[in-house]
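The values are calculated or read from the model by the stated rules, or taken from the named source; none is laboratory data. Predicted model only: the values in this text are computed from it and were never measured. Backbone-built Cβ (ideal geometry, glycine too); neighbour counts: all protein chains shown. Accessible surface is based on the protein model in full, side chains and every heavy atom, while ligands, DNA and RNA are left aside. Shrake-Rupley method; radii C 1.70, N 1.55, O 1.52, S 1.80 Å.
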Amino acid sequence: MCGIVGAVSKRDIVPFLVEGLRRLEYRGYDSAGAVTLDESGALQRSRTVGKVVELERSIGESGLNGFTGIAHTRWATHGKPTETNAHPHICRNTLALVCNGIVENHEVLRQEQMAAGLSFTSETDTEVIVHQVYSHLSTGLALFEAVRATMDELIGSYAIAVVEAGSPEKLVAARQGPPLLIGIGDDEILIASDMAALLPVTRNYVVLEDGDVAEIDGSSYTITDSSGSVVERAVRESQLAKDAVELGDYRHFMEKEIFEQPRAISDTLEGRLAADHIMEGTFGQEAERVFDRVQEVEIIACGTSFHAGLVAKHWFEHVGVSCHVEVASEYRYRRHVARKGVLAVTISQSGETADTLAALAEAKRVGCLSSLVICNVPESSLIRESELSLLTHAGPEIGVASTKAFTTQLVALMLLAVALSRRHGFDRSFEANIVAQLRSLPKAIEEVLAQAPEIAELSKGFANKHHTLFLGRGVHYPVALEGALKLKEISYIHAEAYPAGELKHGPLALVDEDMPVVAVAPNDELLDKLKSNLKEVQARGGRLLVFAESGSGFVEEEGLQVVPIAQVDSAIAPMIYTVPLQLLAYHVALIKGTDVDKPRNLAKSVTVE
């Protein structure tokens with residue numbers, strides 16, 4: 001989703017603005033822009049459609065510079081990706097504003113502002129914010145007060161930053177939903193949507209909370225909360241390594257993150273496993289008390305995180321805990337029956353997913369027992385809103401298509417399932433077996449990663465394909481769903497996933513030699529049934545690519561290609577079989593020539609509904 005950076009400094013801040021936007025590119029965007037205040041205090045602006053490099057070129061040609069400024073990458077919502085719709089928006093050469101979010105009452109405000117004589121140059125909802133701030137400013141309010149008054153009139157979810165002509169050392173920032181950070185540098189104060197943009201300058205940062213308005217004046221800042229009271233927000237130190245968001249020797253961030261999975265899983269397990277059992281306290285001080293009362297788990301998530309929940313449903317129900325998995329964007333819009341002993345589990349890489357936050361609020365409203373979040377970002381909104389938490393130590397994930405976040409989420413969910421199994425008759429030997437399997441997981445994934453050249457060669461068979469069907473059974477049906485999602489996200493090949501047993505209920509009508517069928521085939525109790533399903537594909541001329549466990553009995557023949565996967569225990573098999581599907585999607589995208597890390601129309605963090 002849109003990215004914001006800004007600064008008040010004693011140096012030319014344009015290099016920081018450009019580098020900050022470049023580090024936020026992974027969030028997804030289609031245009032970019034920047035505003036600075038020159039020595040006379042006048043606003044200078046540069047905006048372009050396309051990549052940040054185009055903005056950098058435009059800035060170089062215009063000579064944009066200044067000690068105070070704001071910049072933005074826009075992901076189009078209201079209005080097409082055009083230069084006039086790009087941020088920052090300016091009102092009467094007096095105010096410039098950038099926004100990440102959506103103003104739901106923009107149409108009403110637009111009509112009021114037009115009636116007051118204010119003109120519009122864009123189709124965006126954001127322009128009503130800068131006009132509204134200007135309207136308050138024109139009554140004699142200071143910029144900070146005008147922003148506070150405007151927030152009281154906006155309906156929606158947004159983070160904004162504003163600068164005013166004639167005030168070259170002043171910047172006002174506000175948050176009501178999407179994340180916004182203040183970075184504390186040497187003789188300068190910065191803002192950004194994401195710590196990645198601040199890292200080249202500082203590790204020290206403050207998290208603005210909902211309703212906060214921050215006034216930056218020179219090298220100091222003041223924060224007021226939603227009631228208008230001055231508050232102190234804790235200054236934190238980021239633990240991210242500067243090179244954590246660097247590409248290194250890899251061609252794309254997605255490739256890097258696929259190959260980081262053994263380390264990410266090791267880091268997620270570190271400190272959470274004893275010799276033969278998991279450390280329950282890692283979920284929080286109240287975890288034991290809450291887990292003793294849990295009768296049911298309700299998982300709420302979006303996208304890839306939703307697929308992780310579907311996998312975990314099998315694990316929870318295996319240990320005797322009823323489990324429901326909900327799409328967060330649908331959850332809040334229907335009536336829910338109150339049930340006893342429900343643990344609401346939210347899953348989110350960023351911890352800022354707007355739909356998931358809203359769904360968590362609804363789960364609390366209907367009376368869940370407690371809430372637990374599985375998340376990759378400390379101090380995120382979901383962490384703050386949940387009673388219990390388990391951080392996945394995956395490190396920054398820059399590629400829009402999630403990889404290491406997914407496998408570490410699965411690891412975290414398995415830890416939770418094991419913790420609950422203790423309450424449902426499963427003994428220490430069961431837990432010890434799972435712990436041993438989890439310890440073996442990083443090495444097992446390394447063995448799959450070693451097969452990347454073989455998978456890259458097989459991916460050539462997808463060069464001219466437009467549709468693909470993914471099949472799996474049992475716990476591996478969600479793995480097939482995730483494989484289909486990865487392929488469609490980054491290669492733009494239409495891909496669907498089905499439980500293999502559902503072939504005869506519709507999908508079989510699509511099968512022909514032009515639509516590859518990808519199957520996940522571990523050697524489990526459903527293998528024979530899966531083989532029968534795949535025979536149905538072959539009988540209709542379909543071409544199969546099967547990721548099959550060694551010893552499962554698959555033999556290559558005309559129309560059937562087999563990628564052997566080393567034997568693994570059933571508990572960790574979903575994590576293992578996910579990896580070759582990630583590699584397949586990646587290498588197909590390379591052949592297709594798409595933008596692997598920043599696929600069209602998609603954003604990394606969906607921070608507005």
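Here are the numbers for this structure:
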read-out: Close pairs from segment 527-554: first closer than 15 Å to residue 499 by Cβ, partner outside any helix (DSSP H, G or I) and open to solvent by 50 Å² or more (accessible area, probe 1.4 Å), Cβ under 6 Å, at least 6 apart; value: 530/473
read-out: All positions within segment 182-194 that are of a type in the set (Gly, Ala, Ser) and surrounded by fewer than 24 Cβ atoms within 10 Å (Cβ to Cβ); value: 185
read-out: Residues of segment 16-50 classified as assigned to a helix (DSSP H, G or I) and not charged (D, E, K, R), total; value: 6
read-out: Candidates 86, 96, filtered to the one that is surrounded by 17 or more Cβ atoms within 10 Å (Cβ to Cβ), part of a strand (DSSP E or B) and among the aliphatic types (A, V, I, L, M); value: 96
read-out: Residue within segment 169-184 that is in contact (Cβ under 8 Å) with a residue 40 or more places away in the chain and basic (Lys, Arg) present; value: yes
read-out: Selected residue (criterion: nearest to residue 477 (Cα to Cα)) from residues of segment 496-514 that are open to solvent by less than 60 Å² (accessible area, probe 1.4 Å) and assigned to a helix (DSSP H, G or I); value: 500
read-out: Residue 111 vs. criteria buried (at least 21 other Cβ atoms within 10 Å of the Cβ) and either farther than 30 Å from residue 220 by Cβ or without any contact (Cβ under 8 Å) to a residue 40 or more places away in the chain (or both); value: no
read-out: Given (1) buried (at least 24 other Cβ atoms within 10 Å of the Cβ); (2) modelled with pLDDT under 95, index of the condition residue 166 fails; value: (1)
read-out: Only one of 125, 152 that is in contact with an Asp or Glu (Cβ under 9 Å, 6 or more places away or on another chain) and either in contact (Cβ under 8 Å) with a residue 12 or more places away in the chain or over 16 Å from residue 87 (Cβ atoms) (or both); value: 125
read-out: Tally of residues being open to solvent by 10 Å² or more (accessible area, probe 1.4 Å) and over 30 Å from residue 397 (Cβ atoms) across segment 1-57; value: 10
read-out: Single match in 538, 561, 567 (criterion: modelled with pLDDT under 85 and either under 23 Å from residue 443 (Cα atoms) or surrounded by fewer than 22 Cβ atoms within 10 Å (Cβ to Cβ) (or both)); value: 538
read-out: Members of segment 531-578 that are in contact with a helix residue (DSSP H, G or I) (Cβ under 7 Å, 6 or more places away or on another chain) and polar (S, T, N, Q); value: 533, 552, 561, 578
read-out: Only listed residue being modelled with pLDDT of 90 or more and under 26 Å from residue 10 (Cα atoms), chosen from 258, 265, 189; value: 189
read-out: Filter result (part of a loop (DSSP other than H, G, I, E, B), of a type outside the set (A, V, I, L, M) and within 23 Å of the chain's Cα centre (by Cα)) within segment 168-194; value: 177, 178, 179, 193, 194
read-out: Positions within segment 319-367 being among the charged types (D, E, K, R), more than 15 Å from residue 297 (Cβ to Cβ) and out of contact with any helix residue (DSSP H, G or I) (no Cβ under 9 Å at 6 or more places or on another chain), in sequence order; value: 334, 335, 365
read-out: Search result, residues across segment 257-275 that are part of a helix (DSSP H, G or I) and either open to solvent by less than 40 Å² (accessible area, probe 1.4 Å) or among the hydroxyl-bearing types (Ser, Thr, Tyr) (or both); value: 257, 258, 261, 262, 264, 265, 266, 268, 269
read-out: Index of the failed condition, residue 451 passing every other in (1) within 28 Å of the chain's Cα centre (by Cα); (2) buried (at least 22 other Cβ atoms within 10 Å of the Cβ); (3) not small (Gly, Ala, Ser); value: (2)
read-out: The one condition in (1) under 30 Å from the mean Cα position of the chain (by Cα); (2) in a loop (DSSP other than H, G, I, E, B) that residue 70 fails to fulfil; value: (2)
read-out: Residue selected from segment 570-598 under the condition of a type in the set (S, T, N, Q) and open to solvent by less than 50 Å² (accessible area, probe 1.4 Å), by the criterion nearest to residue 416 (Cα to Cα); value: 578
read-out: In segment 116-150, the residues that are under 12 Å from residue 99 (Cβ atoms) and hydrophobic (A, V, I, L, M, F, W, C); value: 128, 129, 130, 133, 147
read-out: Residues (closer than 14 Å to residue 183 by Cβ and out of contact with any strand residue (DSSP E or B) (no Cβ under 6 Å at 6 or more places or on another chain)) located in segment 220-233; value: 220
read-out: Elements of type strands (runs of 3 or more DSSP E) contained in segment 195-256, each with 1 or more residues being surrounded by fewer than 13 Cβ atoms within 10 Å (Cβ to Cβ); value: 220-224, 235-237
read-out: Tally of residues being part of a strand (DSSP E or B), aliphatic (A, V, I, L, M) and within 19 Å of the chain's Cα centre (by Cα) across segment 283-340; value: 5
read-out: Odd one out for residue 64 among (1) surrounded by fewer than 24 Cβ atoms within 10 Å (Cβ to Cβ); (2) out of contact with any helix residue (DSSP H, G or I) (no Cβ under 9 Å at 6 or more places or on another chain); value: (2)
read-out: Considering residues of segment 515-548 that are in a strand (DSSP E or B) and β-branched (Val, Ile, Thr) only, the residue nearest to residue 479 (Cα to Cα); value: 520
read-out: Members of segment 358-373 that are touching a residue at least 40 places away in the same chain (Cβ under 8 Å) and either of a type in the set (Asp, Glu) or within 20 Å of residue 330 (Cβ to Cβ) (or both); value: 358, 359, 360, 363, 368
read-out: Tally, over segment 311-338, of residues that are under 19 Å from residue 354 (Cα atoms) and either surrounded by fewer than 16 Cβ atoms within 10 Å (Cβ to Cβ) or not β-branched (Val, Ile, Thr) (or both); value: 9
read-out: Qualifying residue in segment 114-133 (condition: surrounded by fewer than 21 Cβ atoms within 10 Å (Cβ to Cβ) and in contact with a Cys (Cβ under 8 Å, 6 or more places away or on another chain)); value: yes
